[in-house]
Amino acid sequence: MEVRLLAGKGGDGRSSFSKTFQNPFGGANGGDGGNGAHIIFESKSNQFIFEKKNIEFLASRQVTSLNNIRKIYVADGGEPGEPNFKKGKSAEHMIIEVPIGTIVKRINGKIVCELQRHEQKFIAARGGLGGKGNYYFLTNMNRAPTEYELGARGDKKIYKLELRLIAHFGLVRFSFCFALNSIGFLSVRISECW
């Protein structure tokens, strides 16, 4: 399946000057913009998870296919800078959960990543950096800069996602049987689970 991603734009820098009762024309104090959000693919296992503390099995939320993946994802942008050197808030990264065995390809078919382990991550599209506030442009020659930077645009990517069903199914069954055998709940050899 084809997925289009647009990472978050960085927040714009701020152009502002400090004003006080004694100094109404103070120096530049514009803050930087926050960073835009990345878009990240994270592989999730659908196997049972063994908790050592409670000695029990807990079923994780199942992610078994790519059917729930949307065609388009747009991440949040960073907030603009504020006066008094305050940096804008950076956006939270967008996590797209995919099954173990997901293959990420470019449009030309080139493989860029294979998610083979539980909670393995791949940054598919990077968010833009926040722009600099006018304080960044303060120099000895220019004591009252008004210029500031706009936030950078986030990456715009298109990927193809595929799922290796055989590898994924075998990995889950092996992990589940091994966990059962290792803690003594079932005296079964791994070979008997197949």
Scaled to the compact-protein estimate 2.2 N^0.38 Å, what is the alpha-carbon radius of gyration of the range 68-173, rounded to two decimal places? 1.57
Give a quick list of trypsin sites (Lys or Arg not before Pro) in the range 95-167 that DSSP marks as loop, anything other than H, G, I, E or B, with at most 10 other Cβ atoms within 10 Å. K110, R143
Would you tally the net charge around E149, using a Cβ to Cβ cut-off of less than 11 Å, leaving E149 out, and scoring K and R as +1, D and E as -1? -1
What are the ³J(HN,Hα) values, in whole Hz, obtained from phi via the Karplus relation 6.51 cos²θ - 1.76 cosθ + 1.60 with θ = phi - 60°, for each residue of the range 66-76 in sequence order, with x given for Gly and Pro? 9, 5, 8, 6, 7, 6, 10, 10, 10, 8, 6
Compute the FRET efficiency between H118 and M1 as 1/(1 + (r/R0)^6), taking r as their Cβ-Cβ distance and R0 = 25 Å, and round to the nearest 0.05. 0.70
May I ask you to evaluate 6.51 cos²θ - 1.76 cosθ + 1.60, the Karplus curve with θ = phi - 60°, for each residue of the range 134-145 and list the ³J(HN,Hα) values in order in whole Hz, giving x for glycine and proline? 5, 4, 5, 9, 6, 9, 5, 7, 10, 8, 9, x
Environment charge at I111 (Cβ cut-off 11 Å; Lys +1, Arg +1, Asp -1, Glu -1): +2
Pop out the ³J(HN,Hα) list for the range 32-37 in order, Karplus 6.51 cos²θ - 1.76 cosθ + 1.60 with θ = phi - 60°, rounded to Hz; leave Gly and Pro as x. 7, x, x, 7, x, 7
Checked against a 20 Å limit on the C-alpha separation, the offending pairs among K9/K156; K9/K160; K121/K157; K44/K121; K9/K132 are K9/K160
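Any read-out appearing in this document is the output of simple, stated calculations on the displayed coordinates, not a laboratory observation. Just so you know, these numbers come straight off a predicted model, no measurement behind them. Positions of Cβ are generated from backbone atoms using ideal geometry, with glycine treated the same way; all protein chains shown enter the neighbour counts.
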